[in-house]
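The values are calculated or read from the model by the stated rules, or taken from the named source; none is laboratory data. Model, not experiment: these values are computed from the prediction. Cβ atoms come from the backbone with ideal geometry, glycine included; neighbour counts cover every protein chain shown.
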Amino acid sequence: MAAVDLEELVRSTGEWLRGSGPESDVVMSSRIRLARNLADYPFISRASPADRTEIEKTLREGIRKLGEAFHVSYLDVSKLEGLDRQFLVERQLISREHADSEGARGVAIDDNEQVSLMINEEDHLRIQVLKSGFDLAAAWEKINAIDDQIESFATYAFHERLGYLTACPTNVGTGMRVSVMLHLPALVITRQIDKLFRSLQKISLAVRGLYGEGSQAMGDFYQISNQITLGRSEEELVKQVSEVVPSIIDYERKAREYLVRESKQNLHDRVSRAYGILRTAQTISSEETMHLLSSVRMGVNLGLIPELQIPTLNQLFIHTQPAHLQKLSGSELDTADRNIERARYLRAHLNTEDGAADKN
């Protein structure tokens, strides 16, 4: 199993960032995660350093067998610098908990960044499949096949009545988290977002920020996911989220139509101002960049900025994050220098003349 080339990864674009999936004007990505533990070892919170080393070795050697079928490469996360770990978090390939943890741990990633297999996160193994747009059915089909392959060489901790045993009680049962990343700027502008959240909580769906549990919503991106796994089958959980998301998509599109119909001048002004600042700023924070790119992304989807493409914007959302920015510039930067480099990067990619990017 080959090692992941981080420098190549920096300059590539994962499948989920290409904006090519169904309903991608509103849905950035669909993700399914499975939490699994090996029967012969204690949970990570109780595992000794020697246990963690054995778990990592056992799973890495087993996953090596998946290399050809799923085209996965491997990274020893414990040997990575902090910047590289943060880069993988921004890329949605590992969790913040995995990045900040201690001891033996690794991640296997496939060529398209659809598959991520985290070893020694909160559980011994976290299997993740990420798809562009609203495509939970395809994500479930793929992750189910991977899970079956791993179970052919690993004995999972499983209870006949309870199901898969996990470190966190809320994951016991299927061990599954089904989530969809939505871009909902119009619902934020029209102040309908809180009403949506309240209705989702009533049907046991969680709302989180860009980087999952404990993170804030940035750039009007929200993750919608199931809260309960016990007593539900995998198919039922996929169905629960799949049936709700079309209503949210419709809700957001109607809010966008309302803004175009009732306050087109104000909407155009908001989008144009955001685009103008991003193209001319000399220094800009990550938070402001996300906020402005959100307005521009909505503007592109509404045909207000025809010269821009959604994949370009999706890439800018990620490439202007702190770790990506430093990796792309080839040096570690403090906050002030990052803000200057971020502005330069945005100018270079948003100002074009005869098809060539302005590098000033």
Quiz item: Pick from Leu59, Leu9: which is touching a Leu at 6+ places or on another chain (Cβ under 8 Å) and hydrophobic (A, V, I, L, M, F, W, C)?
Solution: Leu59
Quiz item: Restricting the first residue to region 286-297 and requiring it to be assigned by TED's automatic domain parsing to the domain that holds Val188 and over 14 Å from Leu325 (Cα atoms), which pairs with a second residue that is surrounded by fewer than 22 Cβ atoms within 10 Å (Cβ to Cβ) and modelled with pLDDT of 95 or more meet a Cβ separation below 8 Å and a spacing of at least six or different chains?
Solution: none
Quiz item: Given region 166-228, what strands (runs of 3 or more DSSP E) lie entirely inside it while holding 1 or more residues that are touching a His at 6+ places or on another chain (Cβ under 7 Å), under 25 Å from Met298 (Cα atoms) and at pLDDT 90 or above?
Solution: 221-226
Quiz prompt | Selected residue (only one of Thr312, Thr289, Thr352 is at pLDDT 95 or above and on the phi < 0 side of the Ramachandran plot) | solution = Thr289
Quiz item: Counting only residues that are surrounded by fewer than 16 Cβ atoms within 10 Å (Cβ to Cβ) and touching a residue at least 40 places away in the same chain (Cβ under 8 Å), which one in region 256-278 is nearest to Asp334 (Cα to Cα)?
Solution: Val260
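Matching residues to (1) surrounded by fewer than 15 Cβ atoms within 10 Å (Cβ to Cβ); (2) touching a Leu at 6+ places or on another chain (Cβ under 7 Å); (3) over 25 Å from Leu182 (Cβ atoms); (4) at pLDDT below 90:
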| position | (1), (2), (3), (4) |
| --- | --- |
| Glu307 | yes, no, yes, yes |
| Phe317 | no, yes, no, no |
| Thr320 | no, yes, no, no |
| His324 | no, no, no, no |
| Ser331 | yes, no, yes, no |
Practice problem: Search region 189-204 for residues that are assigned by TED's automatic domain parsing to the domain that holds Leu237 and pair each with any residue that is in a helix (DSSP H, G or I) and surrounded by 17 or more Cβ atoms within 10 Å (Cβ to Cβ) when their beta-carbon atoms are under 6 Å apart and the residues are at least 6 apart or on different chains. | Solution: Thr190/Ala255; Ile193/Leu187
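For the structure I just gave you, tell me whether Asn339 is outside the structural domain of Gln86 (by TED's automatic domain parsing), modelled with pLDDT under 95 and either outside any helix (DSSP H, G or I) or not aromatic (Phe, Trp, Tyr) (or both).
no
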Quiz item: With respect to the numbered conditions (1) under 28 Å from Met298 (Cα atoms); (2) modelled with pLDDT of 90 or more; (3) out of contact with any Phe, Trp or Tyr (no Cβ under 6 Å at 6 or more places or on another chain); (4) hydroxyl-bearing (Ser, Thr, Tyr), which one is the sole condition not fulfilled by Ser78?
Solution: (1)
Quiz item: Within region 19-48, restricting attention to residues that are hydroxyl-bearing (Ser, Thr, Tyr) and in a loop (DSSP other than H, G, I, E, B), which residue is surrounded by the most Cβ atoms within 10 Å (Cβ to Cβ)?
Solution: Ser24
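Restricting to region 305-336, name every residue that is more than 20 Å from Phe221 (Cβ to Cβ) and part of a loop (DSSP other than H, G, I, E, B). Steps first, please.
Restricting attention to region 305-336, the residues satisfying the condition of being more than 20 Å from Phe221 (Cβ to Cβ) are 306-307, 326-336.
Of everything in region 305-336, those that are more than 20 Å from Phe221 (Cβ to Cβ) and part of a loop (DSSP other than H, G, I, E, B) turn out to be Pro306, Glu307, Gly330, Ser331, Glu332, Leu333, Asp334.
Only one residue in Arg52, Arg60 is among the basic types (Lys, Arg) and modelled with pLDDT under 95, so which one is that?
Numbers: Arg52 fails: modelled with pLDDT under 95.
Being among the basic types (Lys, Arg) and modelled with pLDDT under 95 holds for just one of Arg52, Arg60, which is Arg60.
Please go through region 12-58 and pick out each residue that is of a type in the set (D, E, K, R) and more than 30 Å from Leu184 (Cβ to Cβ).
Going residue by residue through region 12-58, those that are of a type in the set (D, E, K, R) are 15, 18, 23, 25, 31, 33, 36, 40, 46, 51-52, 54, 56-57.
Scanning region 12-58 gives Arg36, Asp40, Arg46, Asp51, Arg52, Glu54, Glu56, Lys57.
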